[in-house]
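The values are calculated or read from the model by the stated rules, or taken from the named source; none is laboratory data. Predicted model, so just to flag it, every value in this text is computed and none were measured. So basically every Cβ, Gly included, is an ideal-geometry build from the backbone, and we count neighbours across all protein chains shown.
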Amino acid sequence: MTAALEADGVEVWLGRRATSRILDGVGLTAPAGQIVGLIGETGSGKTTLARAIAGLAPLHAGAVRVDGVPVSGLRGAELRRFRRTGRVQYVFQDPLRSLDPDLTVAESVAEGLAVRGDGRAADRRTAAVAALRLVGLDPALGDRLPGQISGGQRQRVTLARALAVGPRVLLLDEPVSALDAANRNHVLRVLDRLRRERELAIVLITHDLGSLAGVADRIVVLHHGRVVEEGPATQVLLAPEHPYTQRLIASVPSIDGPRPIYARSTT
Amino acid sequence: MRALRLAVRLPSARVALAVLGVVVVLMAVGEWLAPYDPLHQDTTAILAGPSAEHWLGTDYVGRDVLSRLLAGSRLSVIAAAEAVGLGLLLGVLPGLASVYLGRVFEWLSLRVMDGLMALPFIIFAIAVAALLGNGLHQAMFAVGVLLAPTFYRVTRAAAGGLRQAQYVEAATLFGATRWRIVRTHVWQKVLPTVVVTTATAMAGALLVVSSLTFLGIGVQPPAPTWGGMLASDLGYLSQRPFGPLAPALLIIVTVAALNALADAITVDPATSTKEAHDAVRR
């Protein structure tokens, strides 16, 4: 079966020299209906990988396929046409900066639909309201500006904006890092439900290993721009093989001292 | 737009708008409000002081100062607006395009603007007058062209900062065209900066019209302008010391109103909140 998202040998260079390489032949596969956790310390290349997959960072080498169709070679009008299908969506880490301060929540959520010319303004508004409900937000927030809602609400608004266009692949960059426990669990539950109901392939970037426990199907560990370990979530979290993964998991703070994160899973 | 709407709440902005409203009214109907023909010379009342007949006195050939001020409003303001309008057109559009139309246009437009910035103003104005003839429109063309780099730079700086904004990237991921991105996400953020620059440029252009008239470029005598009156009145200070006061006051008040309006909206659009405006008010 073809995975919803396949990335092979992805290389991203900051400059022209090989020393500026940020990602070195990274591969990532996300089947439909699964959550793939992408972990690694700050600077390991997690965000760059997600941006490269989304087409926001240029690939030096490698290929990205969505539902088996190569998309990394698309340019100009062809790329715009593909993007308007909304099949790959990216949820940015900082919800305040990723929402236009001058657009209302409903306008932001409906933007993807407006770009591809779906329905009339009233239809798009209805779709935006549905997307807000989907992530557990009160539709009345639709008339507010991003600066007038809380951080947790903003994060869910960015999720609703991505979901409104009906994506196949959802790239989430630290979606719960700035949230309190209640909001974090809520967002994770929404993601868990969506991947089952909508057969979404989700790539969940995080340095908070606790947020992956019980949610991720597979985990990919990135270190210095390379994949050092990959496998089922339980295996990577409970019995990590690579020394870097072992260090990463052991470094998770705990009241009782270091222990496997999966053992103190969230609800 | 929010920054503009919030600015109007400030008392200074309201006063500035009221003053500018009066100037616009003067511009529109000043000629008809003038009690005398602004070109009529009364040789029996040369350099006369204020009186019931001539409220602001007369000039060195006996023309009524109030009538000339009122009649000159249109020419002065239109001249400044013409120059600023041209500067806006030649600066804002290339400024936006330099950010979104690729590196070739960016490089070319930057070099053109660098070239314009290197031109000495007076020499350029004289050269334009020599090439196209000495007249108001020619002089304002010269001023407008030289104002363009200012608009280009501020627009480019404001728009360039938004190129990597995450909401712009989100729109890009939706397949939005550059035009749509500029229209939806960039223009609203750039507009307050452009408005501020326009206000200050208008103030500057009013003074430039005056200085060019002083040099005999642009508006030709006997057509009245505020700057021209100021220049001619300065030559008769010993006989009529208060002479330049009225045109100078008009220029100063208009320039101050434009600057006050500009100040009121000088708030970063990304952080334009009521609190920020309250801080300005304090």
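The figures follow:
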quantity	calculated
Residue satisfying all of: in the stretch A:46-57; more than 12 Å from chain B (Cβ to nearest Cβ) and either surrounded by fewer than 24 Cβ atoms within 10 Å (Cβ to Cβ) or of a type in the set (K, R) (or both); nearest to A:T29 (Cα to Cα) among these	A:K46
Qualifying residue in the stretch B:152-161 (condition: assigned to a helix (DSSP H, G or I), touching a Phe, Trp or Tyr at 6+ places or on another chain (Cβ under 7 Å) and in contact (Cβ under 8 Å) with a residue 40 or more places away in the chain)	no
Test: residue in the stretch A:74-81 that is within 14 Å of another protein chain (Cβ to nearest Cβ), buried (at least 16 other Cβ atoms within 10 Å of the Cβ) and of a type in the set (A, V, I, L, M, F, W, C)	yes
Conditions (1) more than 14 Å from every other protein chain (Cβ to nearest Cβ); (2) at positive phi; (3) without any contact (Cβ under 8 Å) to a residue 60 or more places away in the chain; number of the one not met by A:G68	(3)
Hits in the stretch A:101-122 (condition: closer than 17 Å to A:P167 by Cα, acidic (D, E) and more than 7 Å from every other protein chain (Cβ to nearest Cβ))	A:D118
Cβ pairs under 6 Å, 6+ apart, first in the stretch B:114-131 and exposed (fewer than 15 other Cβ atoms within 10 Å of the Cβ), second aliphatic (A, V, I, L, M)	B:F121/B:L146
A:A140 vs. criteria more than 14 Å from every other protein chain (Cβ to nearest Cβ) and either farther than 26 Å from A:A4 by Cα or in a loop (DSSP other than H, G, I, E, B) (or both)	yes
B:L110 in contact with a Lys or Arg (Cβ under 7 Å, 6 or more places away or on another chain), under 30 Å from A:G76 (Cβ atoms) and among the aliphatic types (A, V, I, L, M)	no
Any chance B:T172 is of a type in the set (S, T, Y), touching a residue at least 12 places away in the same chain (Cβ under 8 Å) and in a helix (DSSP H, G or I)	no
Which numbered condition B:V84 fails, given (1) touching a residue at least 12 places away in the same chain (Cβ under 8 Å); (2) over 18 Å from the mean Cα position of the chain (by Cα)	(2)
From A:G142, A:G117, residue being of a type outside the set (D, E, K, R) and at positive phi	A:G117
Number of the condition not met by A:T29 [criteria: (1) of a type in the set (S, T, Y); (2) under 25 Å from A:G214 (Cβ atoms); (3) modelled with pLDDT under 90]	(3)
Selection within the stretch A:91-100 - surrounded by fewer than 22 Cβ atoms within 10 Å (Cβ to Cβ) and within 8 Å of another protein chain (Cβ to nearest Cβ)	A:D94, A:R97
Boolean, B:R156 is among the basic types (K, R), more than 10 Å from every other protein chain (Cβ to nearest Cβ) and either within 29 Å of A:G117 (Cβ to Cβ) or touching a Lys or Arg at 6+ places or on another chain (Cβ under 9 Å) (or both)	no
When residues of the stretch B:210-256 are limited to those that are out of contact with any Ser or Thr (no Cβ under 7 Å at 6 or more places or on another chain) and among the hydroxyl-bearing types (S, T, Y), the one farthest from B:V61 (Cα to Cα)	B:T254
